[in-house]
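Notes follow the structure.
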């Protein structure tokens, strides 16, 4: 079967056609999140129709449209709960009605991290595991959990999605979620420039001349021995390691998949997180596996087929 897939991000929106666990075609368009989700839907529809035309597929013959959205969502009703500053009209948009009017096929909505987890579980690095989590590291920190072969949602659809908002530094940096010291606030790349500039050694660090103070710059400078970069890198690795241990112990995980915008440094990140978990996650049954995601650019799109099947069979 062919499914139309949408991965909504704050910067880009990805669209694709998926069948048999493979991505037939894809396209990307600017998110223009400030204009709202309703304004983006005609552009999304146009992109999906272009992809179908290119592949010789009638959209009405597709088994459905699946969308991953960067917020907490109600999977059963297909509604967005909140927006976290992106697509501020999203909770007022009737996506089911949009899909029915545009294509006349079933619609399924899921949190983007949870949909990415499903994509990796079904078609990527998560194959062979029944209980795992995904952690996406970038501007923020996203998480989702699979428990005994089922995506963990909970009665209010929050379960597994708020790992990035576990308080890991009580009284620490204020977070957009309203509390202090969350993993996301302490390690997300959005706060990295401020943290670097506050470091007492910043004036003597190569980071002061970096075009952008992001984790790419930090890991590069740390590899060259820059003291400030080493401290920033090691602190982030330790806190990410603690997050992995907390997730593993909370949900009895077999594996944690690591993805996101900073994984250009996977050769440092994965061994470090594996070592931290080996040292601190004493699991009676054995050793938890830390792996990079297999499809970093297409995780959520590849989860679309499974999600539509679940929705159709609900």
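Values for this structure:
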| read-out | value |
| --- | --- |
| Residues being assigned to a loop (DSSP other than H, G, I, E, B) and touching a strand residue (DSSP E or B) at 6+ places or on another chain (Cβ under 6 Å) - total across the range 165-180 | 3 |
| Residue list for the range 181-193, restricted to those being in a helix (DSSP H, G or I) and either touching a residue at least 60 places away in the same chain (Cβ under 8 Å) or in contact with a helix residue (DSSP H, G or I) (Cβ under 7 Å, 6 or more places away or on another chain) (or both) | 183, 184, 185, 186, 187, 189, 191, 192 |
| Where a residue in the range 194-213 is over 11 Å from residue 232 (Cβ atoms) and its partner, wherever it lies, is in a helix (DSSP H, G or I) and at pLDDT 95 or above, with Cβ under 7 Å and at least six apart | 206/221; 208/202; 210/217 |
| Condition met for residue 254 (modelled with pLDDT of 95 or more, assigned by TED's automatic domain parsing to the domain that holds residue 144 and under 16 Å from residue 189 (Cα atoms)) | no |
| Check on residue 212, within 23 Å of the chain's Cα centre (by Cα), part of a loop (DSSP other than H, G, I, E, B) and farther than 30 Å from residue 283 by Cα | yes |
| Hits in the range 253-294 - residues which are part of a helix (DSSP H, G or I) and closer than 16 Å to residue 124 by Cβ | 263, 266, 270 |
| Selection within the range 38-72 - part of a loop (DSSP other than H, G, I, E, B) and either at pLDDT 95 or above or assigned by TED's automatic domain parsing to the domain that holds residue 141 (or both) | 56, 57, 58, 62, 63, 64 |
| Residues of the range 19-37 classified as touching a helix residue (DSSP H, G or I) at 6+ places or on another chain (Cβ under 6 Å), modelled with pLDDT under 95 and surrounded by 15 or more Cβ atoms within 10 Å (Cβ to Cβ), total | 0 |
| Single condition residue 91 does not satisfy, out of (1) in contact with a strand residue (DSSP E or B) (Cβ under 6 Å, 6 or more places away or on another chain); (2) under 14 Å from residue 305 (Cα atoms); (3) in a helix (DSSP H, G or I) | (2) |
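Here is a yes/no grid of residues against (1) closer than 20 Å to residue 243 by Cα; (2) in contact with a strand residue (DSSP E or B) (Cβ under 8 Å, 6 or more places away or on another chain); (3) surrounded by fewer than 24 Cβ atoms within 10 Å (Cβ to Cβ):
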residue	(1), (2), (3)
110	no, yes, no
113	yes, yes, no
126	yes, yes, no
158	yes, no, yes
182	yes, yes, no
211	no, no, yes
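The values are calculated or read from the model by the stated rules, or taken from the named source; none is laboratory data. Keep in mind that what you see is a predicted model, and the values were worked out from it rather than measured. All Cβ positions, even for glycine, are placed from backbone atoms using ideal geometry, and neighbour counts span all protein chains on display.
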